[in-house]
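> Supplied in structure tokens, the structure appears directly below.
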Amino acid sequence: MGEALDTDVCVIGAGPAGLALTLMLLRSGIRVALVERSTGFRRDFHGELLQPGGQRILDELGILAGAAARGAASLRGFQVLEREQVLLDIDYGRLPAPYDHLLALPQPHVLRELLAACRRLPGFTPLEGHRIAALLEKRPGSPCQGAVVHGPDRVPVTVRAAVVVGADGRFSKTRALAGIDAGRCASFAHDVVWFSLRAPHRATGHVRVHRGPASAVMVHDTHPDRFRVVWTMPQGRARATGRGIEDFARELAAIMPQFADLLHEQLTSMADLTVLDVFASHAREWVRDGLVLLGDSAHTHGPIGAQGIDLALQDAAALHPVLVAALHAREPTAQRLAAYRDRRAPAASAVHRTQVAQTRAMFGGGPPAAALLRARAAGIVTRTPIGTKITRRVAHGHDPARVRTDLFTVLPGHRSRP
């Protein structure tokens, strides 16, 4: 027979966007059931760079300091290098404090702080180890009235809710169950390889993108005493037959000779590398009656520019007041929820356009003279007010969203059931 529960909002996915939205809603007196397929955040996390816009949202929620105290690395800005020449230097020190830096903040630190804050509030029902199996609809496409989820024992739990929020990532099961096309496009025809290196006493204090003849390698400090490496290359190259780990290490060492010792010592097996399916997408629909897509479920982007987590957090901040108003009016309709889509879809599209331009710029190549000219041109731009404007846009997004703390009506202090 299974179980059943009633709530106001059912959030699918306990990533940064899902948990941040859950916390905002709980503080606004909205009951939330949070469905997360993993337990204890035992899953792979790749993105961890937090822009100032995302830092501000977490700070407004009161969890940034606690998350950073668990371990983080502060980074002064972005640099793009080619043949040891600095082509572009985006200095975040131009921005007003305290959000005048990037933060390499492991996602589990953020998620644990958000979850702990949620557990201190009434109306919270966490369903860890549960997966969405179906949407509660009278017929496909009709108003959504909740979801059916399965726990580890496969016993179904029927969650009746006025709104279901799909925050379950780029391969969203919620979106698939709704029959909504992901809107995948071929903007980024590249393979992306992720790995990390132990690097005690080698911190650079920057996010650095090293351009090679046909690839780009992003390197940044992370906690504890490590480098996170993101290598973007032409599609199919990462999985090409006949290439061993020695070939990868040798090619990387040619692009980043200053890290050659770390690469040859620590890259010993292909198992040390993670190849990701990176793509851009923009879902055909973001809202329906009783249904919303949030973060990567609605739109996905490439890793260049470190925008993913910040976009998701700002989506949550923009959706929060729209959901509160719709629930108070008892009209969680597509028409009311469209205000969220109308605000955030242009911001997501703008990031996509910027990343396409950045990707083209990353794969320049050419003779040394061309690199020198690019370096001089970029240096002129970054030293002018135009550079400050570009830095602010990258750091805070195209339409910065703030947390509507004026809608918070519930103080922490009540612990929900575990």
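> Report yes if some residue within region 164-178 is more than 18 Å from ARG284 (Cα to Cα) and not in a loop (DSSP other than H, G, I, E, B); otherwise report no.
Taking every residue of region 164-178 in turn, none turns out to be more than 18 Å from ARG284 (Cα to Cα) and not in a loop (DSSP other than H, G, I, E, B).
> Please state which of the following conditions ARG70 fails to meet, knowing it meets all the rest: (1) of a type in the set (D, E, K, R); (2) touching a helix residue (DSSP H, G or I) at 6+ places or on another chain (Cβ under 7 Å); (3) over 24 Å from THR204 (Cα atoms).
(3)
> If you don't mind, there's one more thing I want to ask. I'm checking my understanding of the structure. Among residues of region 191-221 that are among the small types (Gly, Ala, Ser), open to solvent by less than 20 Å² (accessible area, probe 1.4 Å) and modelled with pLDDT of 90 or more, which one is farthest from ILE90 (Cα to Cα)?
Selected residue: ALA199.
> Another one. Go through region 118-163 and give me each residue that's acidic (Asp, Glu) and assigned to a strand (DSSP E or B).
GLU128 - this is the single residue of region 118-163 that is acidic (Asp, Glu) and assigned to a strand (DSSP E or B).
> I've got another one for you. Please list, ordered by first then second residue, the pairs with beta carbon atoms under 7 Å, 6 or more apart or interchain, first in region 204-215 and part of a loop (DSSP other than H, G, I, E, B), second charged (D, E, K, R).
These pairs meet every condition: THR204/ASP221; GLY205/ARG76; GLY205/ASP221; HIS206/ARG76.
> Just to be sure, is THR232 surrounded by 17 or more Cβ atoms within 10 Å (Cβ to Cβ), of a type in the set (Ser, Thr, Tyr) and either in contact (Cβ under 8 Å) with a residue 60 or more places away in the chain or touching a helix residue (DSSP H, G or I) at 6+ places or on another chain (Cβ under 7 Å) (or both)?
Yes.
The values are calculated or read from the model by the stated rules, or taken from the named source; none is laboratory data. Given the structure is predicted, the values throughout are model-derived calculations rather than measurements. Please note: Cβ atoms are built from the backbone with ideal geometry, for glycine as well, and neighbour counts cover all protein chains shown. The accessibility values were calculated without ligands, DNA or RNA, using every heavy atom of the protein model including side chains. Shrake-Rupley method; radii C 1.70, N 1.55, O 1.52, S 1.80 Å.
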